Amino acid sequence: MSSNPDPSPFNALPPPVWLLFAAIALPELAFSLGEAGLIGGPAAVGWRLAALNTYGFSGQAFDFMLENGVILWEHMLRFVTYPFVSGSFTATLIGGVIVLAMGKLVGEALGGWAVWLIFILCSVIGAIVMGLLTAQSWLLGAYPGAYGLIGTFTFLYWQRQVAMGGPQGQAFMLIGVLMGLQLVFAALSGVAGARPSLTWVAELTAVLAGFGLAAFVVPGGMARVLAALRRR
């Protein structure tokens, strides 16, 4: 009999997933404590804004580089730094929870460091597509990378349903619900008078990127995708 009959589910998380969560949560902890006046003095109130201006993905800088055919490395760095700075505590909390949940599932299947790879690649791809297709000024936070993990999990679950002969549509329900909510929030912001956010473009792109990356990483994944396309 086990000496720990009710182990915490968090104990099973691969260490790289904990590390990724810490990279997302620790900056927010500093911002929140600074805004509350608990650390850093009066200047700490501006830490979040300074970090967003320095590390957030800038659509204007991206457009400038494309239009002028130049590479500005300080702005290229933003592709991999923006997931770790967020505009609010709530956004960080939700993104962090998704990373923990999806990171556990993806990490168990593909390994903990694969979670980092998928998170970063999907964040980069989401920012590139949003920069190309929209005039959105800024992209911040962990949502695109977290949604990329959802895309990878969706592929893993879909592959399992195919192997077991189960209903394949169930694998895509989570994506449908999340993207539906994002579109509703964007529409509501437009009704309220604010400019509708187009960050959902990056998030949807990241979901598709996560799904596509899994097809190449999971053994037999691409073969199953091709077989499904042939059946259609």
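Selection within the range 31-58: residues that are under 19 Å from GLN136 (Cβ atoms) and touching a Leu at 6+ places or on another chain (Cβ under 7 Å). The member of this set that is surrounded by the fewest Cβ atoms within 10 Å (Cβ to Cβ) is LEU52.
Among the residues of this structure, ILE98 does not count as one that is within 18 Å of the chain's Cα centre (by Cα) and at pLDDT 95 or above.
For the range 130-159, filtered to residues that are aromatic (Phe, Trp, Tyr) and in a helix (DSSP H, G or I), the residue that is surrounded by the fewest Cβ atoms within 10 Å (Cβ to Cβ) is TYR157. Which one of these does VAL124 not meet: (1) modelled with pLDDT of 95 or more; (2) more than 20 Å from VAL17 (Cβ to Cβ)? The single condition VAL124 does not satisfy is (2).
One line per residue, one yes/no per condition, for (1) closer than 27 Å to ILE128 by Cα; (2) at pLDDT below 70:
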{"position": "LEU149", "(1), (2)": "yes, no"}
{"position": "GLN159", "(1), (2)": "no, no"}
{"position": "LEU174", "(1), (2)": "yes, no"}
{"position": "VAL201", "(1), (2)": "yes, no"}
{"position": "PHE211", "(1), (2)": "yes, no"}
{"position": "ALA215", "(1), (2)": "yes, no"}
{"position": "LEU226", "(1), (2)": "yes, yes"}
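Being at pLDDT 95 or above, out of contact with any strand residue (DSSP E or B) (no Cβ under 9 Å at 6 or more places or on another chain), farther than 17 Å from LEU139 by Cβ and open to solvent by 50 Å² or more (accessible area, probe 1.4 Å) is not true of LEU66. Within the range 36-57, restricting attention to residues that are in contact with a helix residue (DSSP H, G or I) (Cβ under 6 Å, 6 or more places away or on another chain) and not hydrophobic (A, V, I, L, M, F, W, C), the residue that is nearest to ILE128 (Cα to Cα) is GLY56.
The values are calculated or read from the model by the stated rules, or taken from the named source; none is laboratory data. Please read these numbers as outputs of a predicted model, since none were measured by experiment. Note: ideal-geometry Cβ built from the backbone for every residue, glycine included; neighbour counts use all protein chains shown. Surface areas here come from the heavy atoms of the whole protein model, side chains and all, with no ligands, DNA or RNA. Shrake-Rupley method; radii C 1.70, N 1.55, O 1.52, S 1.80 Å.
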